[in-house]
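K.L.:
Take a look at this one; I'll ask things after.
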Amino acid sequence: MRIVLLGAPGSGKGTQAKLLVKAFGIPHISTGDLLRNAIAQKTSLGLEAKAIMDAGELVSDDIVLGMLKQRMQEDDARKGFILDGFPRNLPQAEMLENLLKELDQPLQFAVLIEVDEEEVVNRIAIRAREENRSDDTEAVVRNRIHVYREQTAPVAQFYQDKGLLSEVSGQGDIEAVHQRILALMRF
Ligand code: AP5
Ligand code: MG
């Protein structure tokens, strides 16, 4: 199964990806997690990315694509993958298309998880108290939502045009959203 999860910050991409890992036994590849690992390991890419992430802007396509390519070529990704946080703009969507062509692994599903903005801001406020993500302050979350609308939302149309897009409500409890996503994949 080869899946891209799309949705605003806090829409539940990471949460739903973890449930899909259990359901399908394929890896969860999150470019946000790859970047946070690079920061934790203090690599030069991580150092370059940190200020950009802390402002809620997008890290350069070259950095993110380099990390993604490396991860996609690991053995476990041959069975399929759940991409979370990539592609984030139209150039990245084109890059992914080319990469998957090279790997002979065309995408099967793009799932857009839809959640109201106020719900998203609430969820991230709760997470900010529990975890320690430096981009989870209210001002940065508002900017992440703005960047999502400007740059990432058009990616849904990109997949719609290819007949790969499904939309699912991300409101309600986590298990209910999971069941909605599974139902899409049965058809
Ligand atoms: P990234 O890590 O991708 O963050 P994001 O898109 O802002 O999304 P989040 O991780 O905040 O939300 P999520 O949708 O995963 O929701 P979650 O499941 O955690 O990116 C971070 C930064 O890295 C970017 O701003 C950018 O700088 C950079 N970056 C990453 N990828 C990039 C790329 N491709 N190109 C350029 N730059 C890139 O859920 C949120 C919270 O809600 C959790 O606490 C969860 O427990 C809770 N929750 C989930 N579902 C429910 C539910 N149904 N009901 C109640 N609570 C729920
Ligand atoms: Mg996430």
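K.L.:
Going 7 Å from the Cα of residue 119 toward and past its Cβ, which residues in the stretch 138-169 have a backbone nitrogen under 14 Å from where you end up?
P.N.:
Within reach of a label on residue 119: 167-169.
K.L.:
Could you compute the FRET efficiency for residue 90 and residue 55, with r as their C-beta to C-beta distance and R0 at 22 Å, rounded to 0.05?
P.N.:
On the way: r = 21 Å, r/R0 = 0.97.
Calculated value: 0.55.
K.L.:
So, one more: Rounded to the nearest Å, what's the spacing between the alpha carbon centres of the stretch 68-107 and the stretch 142-187? Just the number, please.
P.N.:
If we compute the Cα centre of each part, the gap is 17 Å.
K.L.:
Another question, if that's okay. Could you tally up the Lys pairs in the chain with alpha carbons closer than 23 Å? Skip any pair fewer than 8 positions apart unless they're on separate chains.
P.N.:
Qualifying lysine pairs in the chain: 17.
K.L.:
Right, next: Per 0.36 nm of contour for each residue apart, how much would the distance between residue 70 and residue 127 grow if the chain were fully extended, relative to their Cα-Cα spacing? Could the numbers behind the result be given before it?
P.N.:
Working: separation 57, 0.36 × 57 = 20.52 nm, distance 2.94 nm.
Using 0.36 nm per residue and subtracting the Cα-Cα distance, I get 17.6 nm.
K.L.:
While we're looking at this one, here's another question. Average the reciprocal distances over every distinct pair of alpha-carbons in the stretch 124-173, invert the result, and give the Kirkwood radius in Å.
P.N.:
Kirkwood radius, the stretch 124-173: 13.1 Å.
K.L.:
Taking the Cα centre of the stretch 12-84 as origin and charging only Cβ (+1 Lys, Arg; -1 Asp, Glu), how large is the dipole, in debye to the nearest 20?
P.N.:
Numbers: 10 positive and 10 negative charges, 68 e Å.
Roughly 320 debye for the stretch 12-84.
K.L.:
If I take R0 = 41 Å and measure r between the Cβ atoms of residue 169 and residue 48 in this structure, what FRET efficiency does the formula 1/(1 + (r/R0)^6) give, to the nearest 0.05?
P.N.:
So the FRET efficiency works out to roughly 0.65.
K.L.:
Here's something else I'd like to know. With only Lys, Arg, Asp and Glu charged, each at its Cβ (+1 for the first two, -1 for the last two), find how big the charge dipole of the stretch 94-187 is about the Cα centre; round to the nearest 20 debye.
P.N.:
Value, rounded to 20: 100 debye.
K.L.:
Related question: Could you give the dipole magnitude of the chain about its Cα centre, charging the beta-carbon of Lys and Arg +1 and that of Asp and Glu -1, in debye to the nearest 20?
P.N.:
Charge dipole, the chain, about its Cα centre: 460 debye, nearest 20.
K.L.:
If you take the beta carbon distance between residue 162 and residue 134 as r and set R0 to 25 Å, what does 1/(1 + (r/R0)^6) give as a FRET efficiency, to the nearest 0.05?
P.N.:
0.10
Since every read-out is calculated from the coordinates, none of them should be taken as a lab result. It should be emphasised that the depicted structure is a prediction, and the values quoted were computed from it without experimental measurement. Methodologically, a virtual Cβ is constructed for each residue, glycine included, from the backbone with ideal geometry; neighbour enumeration extends over all protein chains shown.
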